[in-house]
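Since the structure comes first, as C-alpha cells, the remarks are kept for the end.
Values in this text are rule-based calculations from the coordinates and carry no lab data. This one's a predicted model, so the numbers in the text were calculated from it and none came from an experiment. Methodologically, a virtual Cβ is constructed for each residue, glycine included, from the backbone with ideal geometry; neighbour enumeration extends over all protein chains shown.
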Amino acid sequence: MLYFHDNTLMLYCQYLPSVISVVLERRTELTRVIQRARPDTRSIVVVAMSQKSQHQKQPKAVLNRRASFDYSLGEEIVGGLELTGPEVRAARDGHVQLKGSFVSVRNNELWFNNASFSVKLNQKGQEGARSVDTRARKVLLKRKQIDSLVASRQKGMTIVPLKLLTAGRFIKVVIALGKGKKHYDKRETLKRRDQSREAAREMKRAKS
C-alpha cells in the first residue's frame, strides 16, 4: 500500500482539477479540428445527384422524324460534322431541329443544310438568350464514301439526314440514301404505324 505525505496529497488535490480542465479543452479543440477537416458528404451527394440528373436529361440522339415517312431508306452511314463550340453544346442539350434538313453536294463535298441549331448567346443582360442558326455544315466522310453517295445522287437518289448522335466525344450525323415515297406508300406507312401503336396499347392493357 502507498502512503503520501500530507503536503503531497494536498498538492495533488489542488492541481488535479486544473489538469482535468486543460485535458478537456484540448480534447474539444481536437474534435473541432477533425470536424472542420472532414468533408461534407451531404454536399458531395447532392452535387453528384444534380450532375447525374443533368446528364440524364441530355438526349443521346436528335431524330429527323419525317425521314422514314417521306423516304424508303437504305443502309445508314455515320459521318462527322464541322461544328463550332456553341453548336456542339446546343446539340448535346437537344436544342437542334432536323425538320426540313437535307444533304447537298457542293464542290464534290457533302453539306448538311437547314438544320436549326439554337445557339446560346453570351451577352450581358440577356441570360439564356439564343439565336437559331441554319447555316450549311460540312459532312466529314471518307473520300470513297462521298464519291459513292454523289454517284447515287446523280442517279436520282436523295441523301437523307436521319439523326444526330450526341452522346459520344464527337457529334455525328447519320445519313442514308432514300427514294421518295408515293402518296399510297405514305398511307401504308401511316397504317402500319397506327397498327403498331394499337398493338402496343393492347399489350399494355394485358400487362395491367
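Below are the figures for this structure:
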| quantity | calculated |
| --- | --- |
| Cα→Cβ-extended label distance, 7 Å offset, between ASN113 and ALA151, nm | 2.4 nm |
| Sequence-distant residues sharing a close amide H with LEU110 (under 5 Å, placed H) | VAL139 |
| Label-zone membership for the range 78-118, site PHE170, 7 angstrom Cα→C-beta point, backbone N under 11 Å | 79-83 |
| Neighbour-count ranking [beta-carbon atoms within 10 angstrom, fewest first] of PHE69, PHE117 | PHE69, PHE117 |
| Fewest-first sequence of VAL139, VAL174, VAL78 by Cβ atoms within 10 Å of each Cβ | VAL78, VAL174, VAL139 |
| Sequence-distant residues sharing a close amide H with TYR71 (under 5 Å, placed H) | LYS181 |
| Integer Hz, Karplus 6.51/-1.76/1.60 couplings in order for the range 160-165, x for Gly and Pro | 9, x, 9, 6, 9, 9 |
| Cβ crowding within 10 Å averaged over residues, with 150-162, 91-103 ranked highest first | 91-103, 150-162 |
| For LYS144, LYS181, LYS172, order by how many other beta-carbon atoms lie within 10 Å, fewest first | LYS144, LYS181, LYS172 |
| Förster radius 22 Å - calculated FRET efficiency between THR134 and VAL105, Cβ distance, rounded to 0.05 | 0.75 |
